[in-house]
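Read the structure below first, then the notes.
The values are calculated or read from the model by the stated rules, or taken from the named source; none is laboratory data. Predicted model only: the values in this text are computed from it and were never measured. Areas reflect the complete protein model, heavy atoms only, side chains present, ligands, DNA and RNA absent. Shrake-Rupley method; radii C 1.70, N 1.55, O 1.52, S 1.80 Å.
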Amino acid sequence: MGLELVVGDDGALPLPWLAAPLAETLARQRGHALMLHGVDGIGALQFALALAQGWLCEGGGAPRPCGRCGSCRLVQARLHPDLMVLLPQALRQSLDWPLVDDKVEGEDGKKKPSRQIRIDEVRATIDWAAKTSARGRGKVAVLHPAERMNAQAASALLKTLEEPPPGTRLVLVVSDPSQLLPTVRSRCQRVALAPPPADQALAWLAGQGVEDAELLLAAASGRPLLAQEMAAAG
């Protein structure tokens, strides 16, 4: 099965163990700059995207995101004008989540896609954040993994982290906060995402058709997405 990244039109989260931390963060977190800390393999990117989708959701009821409103539909189509998902080029290609000005595959010849978040991409995100929200519910930029910014790119983001345009939120997803500049860390409120309970992770792996799930989950130190990757790799 393919791994979903956002809340679908049925309102289901891409990963079931995100429900409680998502509801808590949407209810309590008012900061404009968040550092979302979660080890690889537990769904930190999915959590950040669900959080952004929840903030932008236009559905009137709970829970958020609803998955059915116009805003959620745009997120599902990866076309929401008020959501910027900034990934390294190589990751954008593997997840099929391009930036607006990404070149068509092959235009750069044999140049390998970057595994870094480049300074020109950060500057473009800053320019995007300065524009008025298209749908009136603010804007959200998700940077993943934020530690892939080099020092220049991270420094370029500092002023926006400290004083973003009104209604703009930034979510920096990291697996190792120590790899971020101290000046970046100090401008963000930290939200920690814990690995899921073993029974929930095992139930999800079973639903994905993973055999020997208990053994693989133990080998992956409780990280179900890593266990799924290990199963796929044989």
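Based on C-alpha pairs under 8 angstrom that are at least 6 apart in sequence, the chain has a relative contact order of 26 percent.
Which residue, V174, V85, V184, has the most motion in a Gaussian network model of the chain that connects Cα atoms within less than 10 Å? Highest fluctuation of the listed residues: V184.
Among the lysines of the chain, pairs at least eight places apart or on separate chains and with Cα atoms under 29 Å apart come to 8. Taking a ≥ b ≥ c as the square roots of the eigenvalues of the Cα gyration tensor of the range 97-234, is the shape rounded (a/c under 1.5), prolate (a/b larger than b/c) or oblate? Prolate shape, in that a/c is at least 1.5 and a/b is the bigger ratio. Convex hull volume per residue, computed on the Cα atoms of the range 13-60, equals 86 Å³.
Would you mind checking the tilt of helix 19-28 against the longest principal axis of the Cα atoms of the chain, expressed as 0 to 90 degrees and rounded to 10? It works out to around 30 degrees.
Roughly how many percent of the accessible protein surface of the chain is carbon and sulfur, given a 1.4 Å probe and a whole-percent answer? List each step's numbers first, then the result.
On the way: 6050 of 11940 Å².
On the chain, the fraction of accessible area on carbon and sulfur atoms equals 51 percent.
Comparing L18, L172, L26 in a Gaussian network model of the chain, where Cα atoms under 10 Å apart are tied by springs, the biggest mean-square fluctuation is seen for L26. Remark on the range 5-99: Rg and Dmax equal 12.8, 37 Å (Cα only).
From the P(r) of the range 159-234, could you give the percentage of C-alpha pairs in the tail past 13 Å?
Values: 2025 of 2850 pairs.
Tail fraction, whole percent: 71.
One equal scatterer on each Cα of the chain, no solvent, Debye formula: the resulting log10 I(q)/I(0) at q = 0.13 Å⁻¹ is -0.80.
With an 8 Å cut-off on Cα pairs and a minimum separation of 6 or more residues, tell me the relative contact order of the range 69-194 in percent. Numbers along the way, then the final one.
On the way: 147 pairs, mean separation 33.4, N = 126.
Here the relative contact order equals 26 percent.
Think of a 1.4 Å ball rolled over the protein heavy atoms: the chain then has 51 Å² of accessible area per residue.
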